[in-house]
1. Name the residues in segment 17-35 that are assigned to a strand (DSSP E or B) and open to solvent by 30 Å² or more (accessible area, probe 1.4 Å), would you?
2. Would you point out which residue out of 80, 48, 40 is of a type in the set (Ser, Thr, Tyr), touching a residue at least 12 places away in the same chain (Cβ under 8 Å) and crowded, with 19+ Cβ neighbours inside 10 Å?
3. Exactly one condition in (1) under 16 Å from residue 91 (Cα atoms); (2) in contact with a strand residue (DSSP E or B) (Cβ under 7 Å, 6 or more places away or on another chain) is false for residue 80; which is it?
4. Going by the structure shown, is residue 157 modelled with pLDDT of 95 or more and β-branched (Val, Ile, Thr)?
5. Name the single residue that is surrounded by the fewest Cβ atoms within 10 Å (Cβ to Cβ) among those in segment 125-144 being within 19 Å of residue 35 (Cα to Cα) and touching a residue at least 40 places away in the same chain (Cβ under 8 Å).
6. Of these, 100, 122, which one is open to solvent by 60 Å² or more (accessible area, probe 1.4 Å) and either under 14 Å from the mean Cα position of the chain (by Cα) or polar (S, T, N, Q) (or both)?
7. Going by the structure shown, is residue 88 touching a residue at least 40 places away in the same chain (Cβ under 8 Å) and at negative phi?
8. Could you name every one of the helices (runs of 4 or more DSSP H) located completely within segment 104-144 that has at least 2 residues being out of contact with any Leu (no Cβ under 8 Å at 6 or more places or on another chain) and among the aliphatic types (A, V, I, L, M)?
Amino acid sequence: MLEYQEQEELTTVRVQDPRIQNEGSWNSYVDYKIFLHTNSKAFTAKTSCVRRRYREFVWLKKQLQKNAGLVPVPELPGKSTFFAGNTDEFIEKRRQGLQQFLEKTVQNVVLLSDSQLHLFLQSQLSVPEIEAYVQGRGPMSVTDAILHYARSNCGWIQEDSHSALLAVHDFGNSMSNKPGNIEAKRRQLKVKVGPPQTRFLNPGTGIP
């Protein structure tokens, strides 16, 4: 008789590819690519890729803390000075800090239930648009907004196959370290770089 073993839910998130936008102008800034791969039922899309700048992370942290009550929210890397903001060393240090922030955030059940986090990670909506969606003022539900972005292939246009395979490799290593169910896990990780598979979450909650 085969023993049923529930599959462990894992999420890999990478912050990478920092780029200076509007370089040479007074309003230049750096944004970062956020690549996410997961088998968690909490996420609508199994794979997603967006670009976000630091001040959007700051907004997200404030919103998460506001909704999480007494649950602590992970810390962000500090703000830059005028002269250090675009140096390679500072940008890399900030990238590492942003990745640590997201890695801790997606492991927190309370924070993961916030639909603003899901729109931040799995759509390219602006901050005002995210706020409108979670307040029910968007043209579609939170789930539909994520699915619309996933099906548009926008995230995959800016994602290269090498980065995607690196994230899947990390995900596969985490899975394969667990005893039993190895073949099933290998089958799950045979993914292509293309439109992500999807799972549905309840609109406005971020949970299935």
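The values are calculated or read from the model by the stated rules, or taken from the named source; none is laboratory data. Here the structure is a predicted model, which is why all the values come from computation and not from measurement. Positions of Cβ are backbone-derived with ideal geometry, glycine not excepted, and every protein chain shown enters the neighbour counts. Each accessible area value is taken on the protein alone, full model and side chains, heavy atoms only, with ligands, DNA and RNA left out. Shrake-Rupley method; radii C 1.70, N 1.55, O 1.52, S 1.80 Å.
1. Within segment 17-35, 17, 18, 19, 20, 21, 29 qualify.
2. Among 80, 48, 40, only 48 is of a type in the set (Ser, Thr, Tyr), touching a residue at least 12 places away in the same chain (Cβ under 8 Å) and crowded, with 19+ Cβ neighbours inside 10 Å.
3. In the conditions (1) under 16 Å from residue 91 (Cα atoms); (2) in contact with a strand residue (DSSP E or B) (Cβ under 7 Å, 6 or more places away or on another chain), residue 80 misses (2) alone.
4. Values: modelled with pLDDT of 95 or more: no; β-branched (Val, Ile, Thr): yes.
Spelling it out, it is not the case that residue 157 is modelled with pLDDT of 95 or more and β-branched (Val, Ile, Thr).
5. Looking at residues that are within 19 Å of residue 35 (Cα to Cα) and touching a residue at least 40 places away in the same chain (Cβ under 8 Å), I get 127.
6. 100
7. No; evaluated as a whole, the condition is false for this residue.
8. Qualifying helices (runs of 4 or more DSSP H): 109-112, 127-134.
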